[in-house]
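Below: one structure, written as structure tokens.
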Amino acid sequence: QAQLVETGGGLVQAGGSLRLSCAASERSFNAYTMGWFRQAPGKEREFVAAMNWNGGKPEYADSVKGRFTISRDSAKNTVYLQMNSLKPEDTGVYYCAAVRLRISRAPEVYTHWGQGTQVTVSS
């Protein structure tokens, strides 16, 4: 079964940076829209960023626009989320997701999910 594996989470001070990686187990994911979502304790999973298979214009949640950048390396079957100027409210479990459709901000649309990686931003 195709898998997504996130790495790169950790503890960082406010204003710091982290880069998350999502490695896909199959090259077929190069034809998928890839998204990042996050979930804070007691809150619903929310959209962070997504980009489609052909590397077109990505979409970002307003809360991360200008601070986070999504990118993909098709040769490595890997999607990245560069997170700069981190804030305590960015704390949560970050999930990578994939769907063979155009970009969507709705988590229920995505068919493949990673296990998540914890990001904690201290004030």
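The values are calculated or read from the model by the stated rules, or taken from the named source; none is laboratory data. Note that this is a predicted model, so its numbers are computed, not measured. Because the Cβ atoms are built from the backbone with ideal geometry, glycine has one as well, and the counts that use them run over all protein chains shown. Note: accessible area is taken over every heavy atom of the protein model, side chains too, but ligands, DNA and RNA are not part of it. Shrake-Rupley method; radii C 1.70, N 1.55, O 1.52, S 1.80 Å.
Placing +1 on the Cβ of every Lys and Arg and -1 on the Cβ of every Asp and Glu, with nothing else charged, gives the chain a dipole about its Cα centre of roughly 260 debye. For a label point 7 angstrom out from the Cα of K87 toward its Cβ, which stretches of region 32-55 have the backbone nitrogen within less than 20 Å? Output list for this probe position: 36-50.
Pairwise Cα separations in region 67-123 fall into 5 Å bins from 0 onward with the following percentages, short to long: 4, 15, 21, 26, 20, 10, 3, 0.
Based on protein heavy atoms only, region 49-123 ends up with 51 Å² per residue of surface accessible to a 1.4 Å probe. Near F29, once Lys and Arg are set to +1 and Asp and Glu to -1 for all other residues with Cβ below 13 Å from its Cβ, the sum equals +2.
Computed from the C-beta positions of K43 and Q3 and an R0 of 25 Å, the FRET efficiency is 0.45 to the nearest 0.05.
Most simply put, the chain has about 90% antiparallel DSSP beta bridges, counting only bridges with both residues inside it. When nucleic acids and ligands are ignored and a 1.4 Å probe is applied, Y95 ends up with an accessible area of around 30 Å².
Counting residues in region 1-67 as N, plug N into 2.2 N^0.38 Å and put the Cα Rg over that result. Before the final figure, lay out the partial values.
On the way: Rg = 13.5 Å, N = 67, 2.2 N^0.38 = 10.9 Å.
Against the empirical 2.2 N^0.38 Å value, I get 1.24 for region 1-67.
By the rule of a C-alpha distance below 24 Å, with chain neighbours fewer than 8 residues away ignored, the lysines paired with K65 are K43, K57, K87. Per residue, region 1-46 exposes 55 Å² of solvent-accessible protein surface, assessed with a 1.4 angstrom probe and all protein chains in place. With the whole protein complex present, M51 retains an accessible surface near 10 Å², based on a 1.4 Å probe.
In plain terms, the C-alpha convex hull of the chain casts an average shadow of 6.8 nm² when viewed from every direction.
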